[in-house]
1. Using the basic label-point model (7 angstrom from Cα toward the beta carbon), what is the A:Met10 to A:Leu51 distance in nanometres?
2. Which of A:Lys3/B:Lys13; A:Lys69/A:Lys107; B:Lys3/B:Lys57; A:Lys69/B:Lys71; A:Lys3/B:Lys71 have a Cα-Cα distance over 27 Å?
3. Per DSSP helix of 4 or more residues, -39500 (n - 2.57); summed, then divided by the residues of chain A. What does that give at 222 nm, rounded to the nearest 500?
4. Volume per residue, Å³, of the convex hull around the alpha-carbon atoms of chain B?
5. Can you pull the one-decimal nm distance between simple spin-label points at A:His19 and A:Thr114, each 7 Å off the Cα toward Cβ?
6. Could you work out the relative contact order of chain A, using alpha carbon pairs under 8 angstrom and six or more residues apart, expressed as a whole percent?
7. Given R₀ = 22 Å, FRET efficiency for B:Glu17-A:Leu39 by Cβ-Cβ distance, to 0.05?
8. Please say if the stretch A:58-112 is rounded, prolate or oblate, where rounded means a/c under 1.5 for a ≥ b ≥ c the square roots of the C-alpha gyration tensor eigenvalues, and otherwise the choice is prolate for a/b larger than b/c and oblate otherwise?
Amino acid sequence: DAKTTQPNSMESNEEEPVHLPCNHSTISGTDYIHWYRQLPSQGPEYVIHGLTSNVNNRMASLAIAEDRKSSTLILHRATLRDAAVYYCILRDESAWANSGYALNFGKGTSLLVTP
Amino acid sequence: DVKVTQSSRYLVKRTGEKVFLECVQDMDHENMFWYRQDPGLGLRLIYFSYDVKMKEKGDIPEGYSVSREKKERFSLILESASTNQTSMYLCASTRSLRVNTEAFFGQGTRLTVV
């Protein structure tokens, strides 16, 4: 899978929007952009994914740059429960099959939410 | 709510013991996975199963085996636990192997081998 780059950490105030960036300058046309998060001492949790268009769901929004070389996960109103490590990963059909169907999370962004 | 449930949150076992980690999903998913997660190493795939009784080795299968006798249950077995198997173990499932499919994870089992 192509590489992604995320800031190590970010901080936000409760009830404010949070924009978590992800750079993926070597993305291919068939790479899906996925976001997962992992709360402390929990398993990862799926957040959202997209290919080309912006996506919204009940948890978050995903804004994808027109050239697809970057994307932003938007939490519209951060709560204390959103404090977690957020992982941005790219998934391509053939690369995923070649990896033996392993999900490869990088280091992610550790989001701190303060009251 | 859909769920992947792991049988234990915390386990402490002795070196040389045979250890069973159980995972059950209630989503009728075909595919199930076992990962371990260690600081600085991220997620590493141990085994995955795409059907009952079918299994494929992941990146680090040594010292582990798996069993999938029923669709909803995927067990990870440490044949003879060693201290380097102290880790967080995560079970996951997916409906398909397409990349636009989300993975559902269990809450994790933190295993300590002493």
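1. Here the modelled spin labels are 2.6 nm apart.
2. A:Lys3/B:Lys13; A:Lys69/B:Lys71; A:Lys3/B:Lys71
3. After summing the helix terms and dividing by residue count, I get -1000 deg cm²/dmol.
4. Here the figure is 99 Å³ per residue.
5. It works out to 2.1 nm between the two label points.
6. Reported as a whole number, the value is 37 percent.
7. For R0 = 22 Å, the calculated efficiency reads 0.15.
8. oblate
We did not get these values from a lab; they are worked out from the coordinates using the rules stated. The structure displayed is predicted, hence computed values, not measured ones. Don't worry about glycine lacking a Cβ; one is built from the backbone with ideal geometry, like all the others, and counts go over all protein chains shown.
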